[in-house]
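The values are calculated or read from the model by the stated rules, or taken from the named source; none is laboratory data. It should be emphasised that the depicted structure is a prediction, and the values quoted were computed from it without experimental measurement. Virtual Cβ from ideal backbone geometry, glycine too; neighbours counted across all protein chains shown. Ligands, DNA and RNA are excluded from the accessible area calculation, which covers all protein heavy atoms including side chains. Shrake-Rupley method; radii C 1.70, N 1.55, O 1.52, S 1.80 Å.
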Amino acid sequence: MSSTQQQARAAGVLYLLLALIAPIGLLYVPGKLIVSWNATATADNIRTSEWLLRIGIASELIHQVIAVFLVLALYRLFKPVNETLAKQMVILGALVSVPIVFVNVLNEIAALVLVSGSDFLSVFEKPQLDALAYLFLRLHSRGITVASIFWGLWLFPFALLVIRSGFIPRALGVLLMIAGVAYLASAFATLGLPQYAPLVSQVALPLEAAELPIIFWLVIWGAKTRPALAPAV
């Protein structure tokens with residue numbers, strides 16, 4: 001097995017782990033705990049299933065640690081193709097988005113504290129605590145939206161590297177660009193045009209799945225031997 005193929009498969013394994021773990025904290029847990037516009041029901045869900053929110057927090061932290069190693073693995077793979085684009089991929093894919101997600105987890109921790117029943121919170125009435133817990137979960141959701149801007153942006157230098165590489169099918173690079181546009185459209189609609197966000201999300205969510213094929217390609221096929229004259233511009 002060539003060095004290029006080994007690097008590609010190592011990146012693919014990390015990518016697959018991230019894809020398996022991320023939905024737990026980003027989709028499953030919020031779907032189970034959050035009742036839209038109902039602070040009392042949401043807070044009661046957290047009180048009865050505190051362990052579930054903690055699993056969601058762990059999921060977010062773990063998949064972001066994996067993201068750092070994934071981006072570094074991809075950097076090693078694509079650096080010979082174009083070092084400038086590879087650096088852009090690292091900056092957008094890890095140096096910016098990962099700190100956002102780590103700090104954003106504090107909003108979930110705040111919600112846990114607010115429903116914990118600690119003595120120092122006795123000055124607040126239960127409806128107030130419920131509302132504050134719900135507020136922090138909403139802030140967490142918006143923090144994820146902000147992070148998703150960079151989840152979209154990093155796919156563009158990644159896509160260009162795939163297209164120029166010569167050892168991964170160009171079509172996968174095009175799919176990455178489609179996914180990047182979908183992430184950005186969904187994020188900007190949610191933050192800037194919330195009245196259109198549900199409609200945009202219905203279109204964007206399936207397009208975001210265009211990121212998945214390269215994961216399976218890297219895991220199963222890896223990459224062809226790097227061409228002797230890889231593009232350097």
Across (1) in contact with a helix residue (DSSP H, G or I) (Cβ under 8 Å, 6 or more places away or on another chain); (2) hydrophobic (A, V, I, L, M, F, W, C); (3) surrounded by fewer than 15 Cβ atoms within 10 Å (Cβ to Cβ), Leu95 clears everything bar (1)
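Scanning for something under 12 Å from the mean Cα position of the chain (by Cα) and open to solvent by 50 Å² or more (accessible area, probe 1.4 Å), does segment 3-16 turn up at least one residue? So that I can check it myself, show each step before the final result.
Start the filter on segment 3-16 by keeping residues that are under 12 Å from the mean Cα position of the chain (by Cα), which leaves 15.
Checking which are open to solvent by 50 Å² or more (accessible area, probe 1.4 Å) leaves us with none.
The answer is no, given that none of the residues of segment 3-16 is under 12 Å from the mean Cα position of the chain (by Cα) and open to solvent by 50 Å² or more (accessible area, probe 1.4 Å).
What are the residues in segment 58-109 that are charged (D, E, K, R) and within 12 Å of the chain's Cα centre (by Cα), if any? Before you say what the answer is, go through the steps one by one.
Going through segment 58-109, the residues charged (D, E, K, R) turn out to be 60, 76, 79, 83, 87, 108.
The answer is Glu60, and nothing else.
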Picked from segment 204-225 (must be under 21 Å from the mean Cα position of the chain (by Cα) and open to solvent by 90 Å² or more (accessible area, probe 1.4 Å)), the residue farthest from Ala73 (Cα to Cα) is Leu205
Reported set for segment 107-125 where residues are over 19 Å from Thr42 (Cβ atoms) and either surrounded by 14 or more Cβ atoms within 10 Å (Cβ to Cβ) or of a type in the set (A, V, I, L, M) (or both) is Val123
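Scanning segment 142-162 for residues that are open to solvent by 50 Å² or more (accessible area, probe 1.4 Å) and of a type outside the set (Lys, Arg), which turns out nearest to Glu83 (Cα to Cα)?
Within segment 142-162, the first condition is being open to solvent by 50 Å² or more (accessible area, probe 1.4 Å), and the residues that meet it are 142, 146, 153, 156, 160.
Then drop every residue that is not of a type outside the set (Lys, Arg), which leaves 146, 153, 156, 160.
Details: Val146: 27, Leu153: 17, Phe156: 14, Leu160: 12 Å.
In this case the residue turns out to be Leu160.
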Expected output for segment 115-141 (first residue over 19 Å from Ile34 (Cα atoms), partner open to solvent by less than 80 Å² (accessible area, probe 1.4 Å) and assigned to a helix (DSSP H, G or I), Cβ below 7 Å, 6+ apart or cross-chain) is Leu121/Leu114; Leu121/Leu129
Within segment 163-179, of all residues that are assigned to a helix (DSSP H, G or I) and in contact (Cβ under 8 Å) with a residue 60 or more places away in the chain, the one least open to solvent (accessible area, probe 1.4 Å) is Ser165
